[in-house]
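The values are calculated or read from the model by the stated rules, or taken from the named source; none is laboratory data. Everything numeric here is computed off the predicted structure, so don't read it as measured data. Cβ: placed from backbone, ideal geometry, glycine included. Neighbour counts: every protein chain shown. Side chains are part of the model used for accessible areas, which takes the heavy atoms of the whole protein and leaves out ligands, DNA and RNA. Shrake-Rupley method; radii C 1.70, N 1.55, O 1.52, S 1.80 Å.
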Amino acid sequence: MNRLAGVTSPYLLQHADNPVDWWPWGPEAFEEAKRRDVPVLLSVGYSACHWCHVMAHESFEDQDTADHLNAHFVSVKVDREERPDVDAVYMEAVQAATGQGGWPMTVFLTPDAEPFYFGTYFPPEPRHGMPSFRQVLEGVRQAWSTRRDEVGEVAGQIVRDLAQREISHQGTRPPGEQELAQALLGLTREYDAQRGGFGGAPKFPPSMVLEFLLRHHARTGADGALQMAQDTCERMARGGLYDQLGGGFARYSFGRDWIGLHFEEMLYDNALLCRVYARLWRATGSE
């Protein structure tokens, strides 16, 4: 048993028997990293994440990998459903640095919690252009030992970049017509008119965006907002994202056509989508 044995998160408890000397998120882990003068490995996942379990089996249950981690890192495990605040901060850094994100999220931090190297799933052996997890660990260890100044510069720049990306909220008033019109314009530019949805692959069900479009139509009568919402909902329902036999929507599709699915059906996605489709029916009467 490691330090996760005493936590309440079901996801963290799944890792309590790992040979990795996991720490839960907290100041004690970073104090230990400062005391030992080693970087922090932050691994973020959740119970229903397939690749989280794959990486756990391949790497975190492997004694040799665990020995390397225990010798050269302080390893911190986070349940993204328990700590969405931690997940959101570092996921923004991962997406900004790599152009994509996902779980398991693998981030290397300084003892001051500043990120300097990112990734998601790493295989036990190099494949498909990805380095192995052990290669990543060795590369980070060497950089920390021999190029500490460079690591510090990278971490500092990333922190500054993230600070500049923060949205400034002026006062406490809600968004006005000008801000809402700008939001609609931005969505129109991102809209995939051929396939529905926004942007390229992978495509997630954009429940909150659809909610905004339907509310905007209800408030202003804007036909374009309703059309984007209606077309996207129909494409998602007919393109494969919706489980025609068992019901429910999958978490996302690998392709722009809502096919090639990631076969997890998340309760929070489906709860929001139930509301979206109910609002769409109210607006259109379409069965």
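Annotation note: Cβ proximity below 8 Å between a residue of segment 170-194 that is farther than 15 Å from Gln230 by Cβ and a residue that is open to solvent by 60 Å² or more (accessible area, probe 1.4 Å) (sequence gap 6+ or interchain) occurs for Ala183/Pro175. Hey, does segment 112-134 have a residue that's open to solvent by 60 Å² or more (accessible area, probe 1.4 Å), of a type outside the set (Asp, Glu), part of a loop (DSSP other than H, G, I, E, B) and on the phi > 0 side of the Ramachandran plot? Yes, segment 112-134 contains at least one residue that is open to solvent by 60 Å² or more (accessible area, probe 1.4 Å), of a type outside the set (Asp, Glu), part of a loop (DSSP other than H, G, I, E, B) and on the phi > 0 side of the Ramachandran plot. Mind checking which residues of segment 10-31 are within 12 Å of Ala56 (Cα to Cα), of a type in the set (A, V, I, L, M, F, W, C) and assigned to a loop (DSSP other than H, G, I, E, B)? Result: Ala16, Val20. So for segment 40-61 (the condition being out of contact with any Ser or Thr (no Cβ under 7 Å at 6 or more places or on another chain), charged (D, E, K, R) and surrounded by 15 or more Cβ atoms within 10 Å (Cβ to Cβ)), does at least one residue qualify? For segment 40-61, residues out of contact with any Ser or Thr (no Cβ under 7 Å at 6 or more places or on another chain), charged (D, E, K, R) and surrounded by 15 or more Cβ atoms within 10 Å (Cβ to Cβ): present.
Would you check if there is a residue in segment 224-241 being farther than 18 Å from Leu280 by Cβ and either without any contact (Cβ under 8 Å) to a residue 24 or more places away in the chain or in contact with a Cys (Cβ under 6 Å, 6 or more places away or on another chain) (or both)? Yes, because at least one residue in segment 224-241 is farther than 18 Å from Leu280 by Cβ and either without any contact (Cβ under 8 Å) to a residue 24 or more places away in the chain or in contact with a Cys (Cβ under 6 Å, 6 or more places away or on another chain) (or both).
Please specify each residue of segment 265-287 satisfying the condition of being closer than 14 Å to Phe204 by Cβ and either open to solvent by less than 20 Å² (accessible area, probe 1.4 Å) or without any contact (Cβ under 8 Å) to a residue 40 or more places away in the chain (or both). Passing the criteria: Glu265, Met266, Tyr268, Asn270, Leu273, Val276. Tally up the residues in segment 214-257 that are hydrophobic (A, V, I, L, M, F, W, C), open to solvent by less than 40 Å² (accessible area, probe 1.4 Å) and either under 13 Å from Tyr277 (Cβ atoms) or under 21 Å from the mean Cα position of the chain (by Cα) (or both), please. Of the residues in that region, 8 qualify.
Looking only at residues in segment 228-245 that are in a loop (DSSP other than H, G, I, E, B) and among the hydrophobic types (A, V, I, L, M, F, W, C), the one that is nearest to Gly186 (Cα to Cα) is Leu241.
One residue is enough: does segment 84-92 have a residue meeting the conditions touching a Phe, Trp or Tyr at 6+ places or on another chain (Cβ under 8 Å) and open to solvent by 60 Å² or more (accessible area, probe 1.4 Å)? No, segment 84-92 has no match at all. When each of Val76, Val86 is tested for being closer than 19 Å to Val159 by Cβ, in contact (Cβ under 8 Å) with a residue 60 or more places away in the chain and not small (Gly, Ala, Ser), the lone residue that passes is Val86. Screening His68 on (1) within 21 Å of Glu138 (Cα to Cα); (2) surrounded by fewer than 19 Cβ atoms within 10 Å (Cβ to Cβ); (3) modelled with pLDDT of 95 or more; (4) out of contact with any Leu (no Cβ under 7 Å at 6 or more places or on another chain) shows it passes everything except condition (4). When Thr172, Thr98 are screened for being open to solvent by 40 Å² or more (accessible area, probe 1.4 Å), closer than 27 Å to Tyr11 by Cβ and hydroxyl-bearing (Ser, Thr, Tyr), only Thr98 passes. Just so you know, in segment 175-202 the residues that are among the charged types (D, E, K, R) and under 15 Å from Gly239 (Cβ atoms) include one that is least open to solvent (accessible area, probe 1.4 Å), and it is Asp192.
Taking every residue in segment 21-32 that is under 10 Å from Ser75 (Cα atoms) and pairing it with any residue that is hydroxyl-bearing (Ser, Thr, Tyr), at least 6 positions away or on another chain, the pairs with Cβ-Cβ distances below 7 Å are Asp21/Ser75; Trp22/Ser75; Trp23/Ser75.
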